[in-house]
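K.L.:
Take a look at the following structure, please.
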Amino acid sequence: MGQNIVQKIIGNHILSGKMVPNEEISIKIDQTLTQDATGTMAYLQFEAMGVPQVKTRLSVSYVDHNTLQTGFENADDHRFLQSVAAKYGIYFSRPGNGICHQVHLERFGVPGMTLLGSDSHTPTAGGLGMLAMGAGGLDVAVAMGGGPFYLNMPKVVNVRLTGRLKPWVSAKDIILELLRIMTVKGGVGKIIEYSGEGITTLSVPERATITNMGAELGATTSVFPSDEVTLAFVEAQGRASDWSEIKADEDASYDEIIEINLSELEPLVAQPHSPDNVAKVSEVGRIPVHQVVIGSCTNSSYTDLMRVAGILKGKKIHPATSLSIAPGSRQVFEMLARNGAMADIISAGARILETACGPCIGMGQSPSSGAVTLRTFNRNFEGRSGTADAKVYLASPEVAAASALTGVLTDPRELGEYIHVEMPEKFLIDDSMIIPPAKDPSQVEVLRGPNIKALPVNRPLPAKLSGPALLKLGDNITTDHIMPAGAKILPLRSNIPAISQFVFSGIDLSFPDRAREAGEGFVVGGHNYGQGSSREHAALAPMYLGIKAVIAKSFARIHKANLVNFGILPLTFVDENDYDTFKEEDILEIDVSPIGTSNELVVKNITGGNEFRVRHDLTPRQVVIIKAGGLLNYTKQQARQ
């Protein structure tokens, strides 16, 4: 039996376990990336391990999230990150050089390699044929130290693309269609592998748009073959020697097959407040659009913005609509500036933002109260834009640019003749804002500002857990719900005592104080708890507040791993009807002493006078981690043995 792409890459990197769905495996990680919102904590964790230099083939520290400097905190973090990178053998991409996923695709991605990043959209590099996965910062720190990355072997879903996109239909519409089919929960425990004659019509940036938003499916990652299209891209980036062909064998098998005929697609839009709430632009109708923002790691490539410039050329945006545009990298920005396309964008009335994540994470450009904002981003969770009652729609750059001109949601097919954009034969290459590590690490001093606090460490798991059910939540609780982002909160990412005051602040402002008063307690959720970002702060800050376990109907992959990493027990209901049997503030008690011998535990509701069963699906290794109080404690114990 032949192998698919996933099996080939994992097979070349597997260290333990077997490639059987849901069996725990460990793999060697070739490359890592961090960004500044998660990187500061990741490097504090790396330092705590006492490893003198990173042991990966390549590690890169990017600054792209917290670039809005309204106080000293972000600038201090950037100085810390640069000094840590110099000392420990890490490349440092300076603020202004671009969004980590766009820059990594351009300058560092290598087909067939494994990439682990402390950002949930790390699978963007799957557009190059990498096995690229998001994880919590502690997992990335362990990988930088030479440790393996553990995961349950995913099922592999083959998405076969046939036909060819019609004019004004884009790669964004392909992934929106897949989200419509699979939903935000449909990819959990799966890797999406693309094939079919349709992929040969898609450039690497288009493929990267698709793999980027595969994160919204809940998928472990997504991957395309590395073929002649891939070779053309890396050649244009001056990196032809990095290319190798990677494709599935003709007789490769898959756990599931989905077919999408590209010829049948039309422009789509994700409506509030979920990426899978997808409808045709033509069916949603011409609703007023107050704000348009084009950019993010999903849609800020050279070809994306060249087409936007072509749509805007010689025209003006609607007087009732604002338009902001953020190029994905300095390479893209400078090429647009040199060829005149940026002048066309500026002349149309667009506001130009720096090459950073910016509005995608609520860092600026918050829309007005109750506004409809149309964005080319990957997430439209309620409140993520920075405005609680804004209605966020997700669409392609073509839909966004057309709507900016008309002031209403507009099908770009109304624009007339399609604007073809050719991939450049050679990109502008200037790596001067990527700083290599120091030649003599002993001469580097790590610089720490006053906002960088010591890393909180959990205690070993006691035999019994007891406390109140501090929150009872519904389905699809995101990491934005648990640990919000935005200009006010993101600068506190290296200060857990300060940022913990904002845990669940969009749901219940009293939560942090109640948690501290209780000393220890629980959170209860529905299905897909922890959907969204890889931010480990959504586990680390609750741990600091005394959360000992989360009981939910089901978990998102990365967040569940982060809970384990910080010693919070992830439990699911044996009978989901038991979710209805208790209220917030009921006192619960769990005897966890059987955790190593049984996957079922009994929860006593002291207040209600009843009990119910929960289960865990921890591997033997994860049981030891939980008992130790988290991965950092476990790693230190292993090092002492």
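The values are calculated or read from the model by the stated rules, or taken from the named source; none is laboratory data. A quick note: this is a predicted structure, and the numbers were derived from the prediction, not measured. Positions of Cβ are generated from backbone atoms using ideal geometry, with glycine treated the same way; all protein chains shown enter the neighbour counts.
K.L.:
Could you check the range 331-378 and list, in sequence order, the residues that are aliphatic (A, V, I, L, M), touching a helix residue (DSSP H, G or I) at 6+ places or on another chain (Cβ under 6 Å) and assigned to a loop (DSSP other than H, G, I, E, B)?
P.N.:
Ala348
K.L.:
Same structure, new question: Looking at the range 407-457, which of its residues are modelled with pLDDT of 95 or more, of a type in the set (Gly, Ala, Ser) and surrounded by fewer than 17 Cβ atoms within 10 Å (Cβ to Cβ)?
P.N.:
Ser432, Ala438, listed by residue number.
K.L.:
Could you look through the range 494-522, keep only residues that are among the β-branched types (Val, Ile, Thr) and touching a Phe, Trp or Tyr at 6+ places or on another chain (Cβ under 8 Å), and pick out the one that is surrounded by the most Cβ atoms within 10 Å (Cβ to Cβ)?
P.N.:
So the residue we want is Val503.
K.L.:
Can you tell me which residue is nearest to Met41 (Cα to Cα) among those in the range 625-639 that are of a type in the set (A, V, I, L, M) and surrounded by 18 or more Cβ atoms within 10 Å (Cβ to Cβ)?
P.N.:
Across the range 625-639, the extreme among qualifying residues is Leu632.
K.L.:
Could you tell me whether Thr70 is touching a strand residue (DSSP E or B) at 6+ places or on another chain (Cβ under 8 Å) and either polar (S, T, N, Q) or in the same structural domain as Pro359 (by TED's automatic domain parsing) (or both)?
P.N.:
no
K.L.:
Which of the residues belonging to the range 60-69 are surrounded by fewer than 20 Cβ atoms within 10 Å (Cβ to Cβ) and touching a helix residue (DSSP H, G or I) at 6+ places or on another chain (Cβ under 6 Å)?
P.N.:
The one that is surrounded by fewer than 20 Cβ atoms within 10 Å (Cβ to Cβ) and touching a helix residue (DSSP H, G or I) at 6+ places or on another chain (Cβ under 6 Å): Gln69.
K.L.:
Considering only the range 1-23, I want to know if a residue exists there that is crowded, with 24+ Cβ neighbours inside 10 Å, without any contact (Cβ under 8 Å) to a residue 60 or more places away in the chain and not aliphatic (A, V, I, L, M).
P.N.:
No: the range 1-23 contains no residue that is crowded, with 24+ Cβ neighbours inside 10 Å, without any contact (Cβ under 8 Å) to a residue 60 or more places away in the chain and not aliphatic (A, V, I, L, M).
K.L.:
Residue by residue through the range 33-59, note down the ones that are of a type in the set (A, V, I, L, M, F, W, C), surrounded by fewer than 24 Cβ atoms within 10 Å (Cβ to Cβ) and under 20 Å from Arg107 (Cα atoms).
P.N.:
Val54, Leu58 - these are the residues of the range 33-59 that are of a type in the set (A, V, I, L, M, F, W, C), surrounded by fewer than 24 Cβ atoms within 10 Å (Cβ to Cβ) and under 20 Å from Arg107 (Cα atoms).
K.L.:
Suppose the filter is within 26 Å of the chain's Cα centre (by Cα) and on the phi < 0 side of the Ramachandran plot; does Val284 pass it?
P.N.:
When the stated conditions are applied, Val284 does not pass them.
K.L.:
Here is a follow-up. If you check Phe381 against the conditions, is it of a type outside the set (Ser, Thr, Tyr), in a loop (DSSP other than H, G, I, E, B) and modelled with pLDDT under 95?
P.N.:
Against the criterion (of a type outside the set (Ser, Thr, Tyr), in a loop (DSSP other than H, G, I, E, B) and modelled with pLDDT under 95), Phe381 qualifies.
K.L.:
Which residue, of Ile181, Ile191, is outside any loop (DSSP other than H, G, I, E, B) and surrounded by 24 or more Cβ atoms within 10 Å (Cβ to Cβ)?
P.N.:
Matching residue, one of Ile181, Ile191: Ile191.
K.L.:
Among the residues that make up the range 301-319, is at least one of them closer than 17 Å to Pro412 by Cα, without any contact (Cβ under 8 Å) to a residue 12 or more places away in the chain and surrounded by fewer than 24 Cβ atoms within 10 Å (Cβ to Cβ)?
P.N.:
no
K.L.:
Tell me, yes or no, whether the range 199-208 has at least one residue that is in the same structural domain as Met19 (by TED's automatic domain parsing), charged (D, E, K, R), part of a helix (DSSP H, G or I) and surrounded by fewer than 19 Cβ atoms within 10 Å (Cβ to Cβ).
P.N.:
There is no residue in the range 199-208 that is in the same structural domain as Met19 (by TED's automatic domain parsing), charged (D, E, K, R), part of a helix (DSSP H, G or I) and surrounded by fewer than 19 Cβ atoms within 10 Å (Cβ to Cβ).
K.L.:
One residue is enough: does the range 249-263 have a residue meeting the conditions closer than 28 Å to Phe377 by Cα and assigned to a loop (DSSP other than H, G, I, E, B)?
P.N.:
There is no residue in the range 249-263 that is closer than 28 Å to Phe377 by Cα and assigned to a loop (DSSP other than H, G, I, E, B).
K.L.:
Determine if the range 391-399 includes at least one residue that is surrounded by fewer than 20 Cβ atoms within 10 Å (Cβ to Cβ) and not assigned by TED's automatic domain parsing to the domain that holds Pro491.
P.N.:
No, that holds for no residue.
K.L.:
Please tell me if Pro111 is over 29 Å from Glu334 (Cα atoms), touching a residue at least 24 places away in the same chain (Cβ under 8 Å) and in the same structural domain as Thr230 (by TED's automatic domain parsing).
P.N.:
no
K.L.:
Give me the pairs, please: first residue somewhere in the range 91-102 and surrounded by fewer than 24 Cβ atoms within 10 Å (Cβ to Cβ), second residue anywhere and small (Gly, Ala, Ser) and in a helix (DSSP H, G or I), beta-carbon distance under 6 Å, and either six or more positions apart or on two chains.
P.N.:
Here the result reads Phe92/Ala85, each pair linking the range 91-102 to a residue that is small (Gly, Ala, Ser) and in a helix (DSSP H, G or I).
K.L.:
Out of the range 467-483, which residues are surrounded by fewer than 18 Cβ atoms within 10 Å (Cβ to Cβ) and either farther than 14 Å from Phe504 by Cβ or modelled with pLDDT under 90 (or both)?
P.N.:
Matches in the range 467-483: Asp475 only.
K.L.:
When the residues of the range 602-635 are narrowed to those that are assigned to a strand (DSSP E or B) and not hydrophobic (A, V, I, L, M, F, W, C), which ends up nearest to Ala561 (Cα to Cα)?
P.N.:
Only one residue fits best here, namely Arg615.
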